[in-house]
Amino acid sequence: MVISRKSLTIFGLALSAALFANGCSTKKPNKGPVVSTGTEDGVGEPGTPGDEPGTDGTTSKKPSKVEELASAYGILNFRQVAATLNALTGVQLNAPAAAGGIAPQAEYTRALSALPTDHSAAAISAGKVASLTKLASTYCDVLANNAQLLGAKFPGLTLAAVPADSAAFAKTLVDGFYGPETALQGPRAADIATVAATVDALKGITGATGPGIFMATCAGIVASGEFFVY
């Protein structure tokens, strides 16, 4: 019995979440002013630890972690998501579905209301990440089952059987999607190890296939903070 695409997408979502944690902890934030909302009236309460004096003699709250993240990072909106997934995988939005799968366009239409409409990092939610990963899985499903597209993206990679070497397979995918390693990205060894652990977990399930493992890991990588957060 082959693992269902729904189950594979769940593995992809778990991987995406793990890579999000890696990415957000190593990405260099944009340098810019952090604006605090303070209290509802815009003025902090005097004497509270961490308050900063204002020019008018009042004090204002230091920005919270959420506010700091919101000012330092941005996320892709729904239009950029589709363009990015196309650029990463080589799969067009209107590409036909893989046999037994869902077409990217159909999933995009279904997920549209859940994908971000602006760039605010404060809008990141589990639902948005799940919708993005489900959408990514349709692109990765097409890529896994299209020899021409797969060969163009990963020359020499074969999915005829489950990967023999999880670490090597993970490195091939991470390097292929991330591109040349740069100082801005930070070390990718942690990401490769995270992907390899997912590959190992998938290989341990009865019914695992090469294309299925590729689909799940591909979806987790391209829906991660490495691309979704900037």
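The values are calculated or read from the model by the stated rules, or taken from the named source; none is laboratory data. This one's a predicted model, so the numbers in the text were calculated from it and none came from an experiment. Positions of Cβ are generated from backbone atoms using ideal geometry, with glycine treated the same way; all protein chains shown enter the neighbour counts. These accessible areas exclude ligands, DNA and RNA; they are computed on the full protein's heavy atoms, side chains included. Shrake-Rupley method; radii C 1.70, N 1.55, O 1.52, S 1.80 Å.
Looking across region 155-174, not a single residue is in contact with an Asp or Glu (Cβ under 8 Å, 6 or more places away or on another chain) and of a type in the set (D, E, K, R). When Glu45, Glu40, Glu52, Glu67 are screened for being over 25 Å from Leu143 (Cα atoms), modelled with pLDDT under 50, of a type outside the set (A, V, I, L, M) and open to solvent by less than 40 Å² (accessible area, probe 1.4 Å), only Glu67 passes.
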